[in-house]
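Q: Here it is, the structure in full.
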Amino acid sequence: MKSRYFLTDIKRLWKSYEFYAAILGVAVALLFSVEDMELKNGNVMFTYFYATELTGFKITYVFCAFAFATTFCEDLEHKYLRFLTIRGSLKKYVASRVTVIYLASVVTMVLGSMLFVCFCRARGPWVSEYDIGVIAMYKGLVEGGHYALYCACYALQLGLLAGLLSVLSAFLSLYFTNKVTVFALPVLLCELLEEVDFGMYNTVLLFRAYNKLFAKDWQCLLFLVTISVGVTAVLAVGIFRKLKTRW
């Protein structure tokens, strides 16, 4: 039954134009973030890092939530919730939807970022004699010349934050049903998280690959995955409890 919910949601996402529009939206947001068509410092790597550090980058979190974050409020609005769970399980329904919201956001961030990186690569080299940015994690990929893979790993970490923010937006959508508000929430939440410190690092900056908390890259990635998935699981419980009162 759980797999049926999940496969149905995946098919729904795969056939949704919003998903592909969101990927394109991430790429366009990064492009507008750098404000012009020129490569920064004459190379792709620095241009991508530069784009993710500017305020305009936060719009990408809106696109990451665009494909599926409003699914709960839509099902409630159109009275699909009882129909979808009457022969199944509300718990499995929530688990499936939260999983797809999270994964869709991560994939959207990675593919949108790589689309932007490909656009930049068509305009210049991966690296140059100028600064390419701070390399802390995945240094071996850069040293081995695997620049595209490095950018994908960098985007993956940003996607872990995007997934968390999208699920948090989906949770809050049960209280604020206006879709515009739901899509604006990831940016507002990101701004709020930037004000919270976690030791020597800002909580949002923990997801940037230029911060390395542990000696090994896999340890850092595992730590971030644990935070992201752990908070997402807690939010899934909150969504389940809220829906149970309205089922």
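Every read-out reported here was derived from the displayed coordinates using simple, explicitly stated rules and does not represent laboratory data. Not measured: the values here are computed from a predicted model. As a convention, Cβ positions derive from the backbone with ideal geometry for all residues, glycine included, and neighbour counts pool all protein chains shown.
Q: So, in segment 123-147, of the ones that are among the small types (Gly, Ala, Ser) and in contact with a helix residue (DSSP H, G or I) (Cβ under 7 Å, 6 or more places away or on another chain), which residue ends up surrounded by the most Cβ atoms within 10 Å (Cβ to Cβ)?
A: Residues of segment 123-147 among the small types (Gly, Ala, Ser): 124, 128, 133, 136, 140, 144-145.
If we keep only those that are in contact with a helix residue (DSSP H, G or I) (Cβ under 7 Å, 6 or more places away or on another chain) too, we end up with 124, 128, 133.
Numbers: GLY124: 16, SER128: 15, GLY133: 20.
Among those residues, the one meeting the criterion is GLY133.
Q: For segment 1-104, please list each of the helices (runs of 4 or more DSSP H) lying entirely inside it that holds at least 3 residues being closer than 25 Å to VAL234 by Cα and more than 18 Å from the chain's Cα centre (by Cα).
A: Details: elements: 2-14, 17-34, 44-53, 59-66, 71-77, 81-85.
The qualifying helices (runs of 4 or more DSSP H) are 2-14, 71-77, 81-85.
Q: I'm trying to understand the selection: among the residues of segment 161-181, which are surrounded by fewer than 24 Cβ atoms within 10 Å (Cβ to Cβ) and either within 17 Å of the chain's Cα centre (by Cα) or not in a loop (DSSP other than H, G, I, E, B) (or both)? Break it down into steps so the answer makes sense when it comes.
A: Step one: filter segment 161-181 for residues surrounded by fewer than 24 Cβ atoms within 10 Å (Cβ to Cβ), giving 168, 171-172, 174-181.
Result: LEU168, PHE171, LEU172, LYS179, VAL180, THR181.
Q: Is it the case that some residue within segment 83-101 is of a type outside the set (Phe, Trp, Tyr) and touching a Gly at 6+ places or on another chain (Cβ under 9 Å)?
A: Looking for residues that are of a type outside the set (Phe, Trp, Tyr) and touching a Gly at 6+ places or on another chain (Cβ under 9 Å), one finds at least one in segment 83-101, hence yes.
Q: With respect to the numbered conditions (1) under 15 Å from SER228 (Cβ atoms); (2) not in a helix (DSSP H, G or I), which one is the sole condition not fulfilled by MET137?
A: So the condition that MET137 fails would be (1).
Q: Whether any residue in segment 28-37 is touching a residue at least 12 places away in the same chain (Cβ under 8 Å), surrounded by fewer than 19 Cβ atoms within 10 Å (Cβ to Cβ), under 13 Å from VAL107 (Cα atoms) and not small (Gly, Ala, Ser) is what I want to check.
A: no
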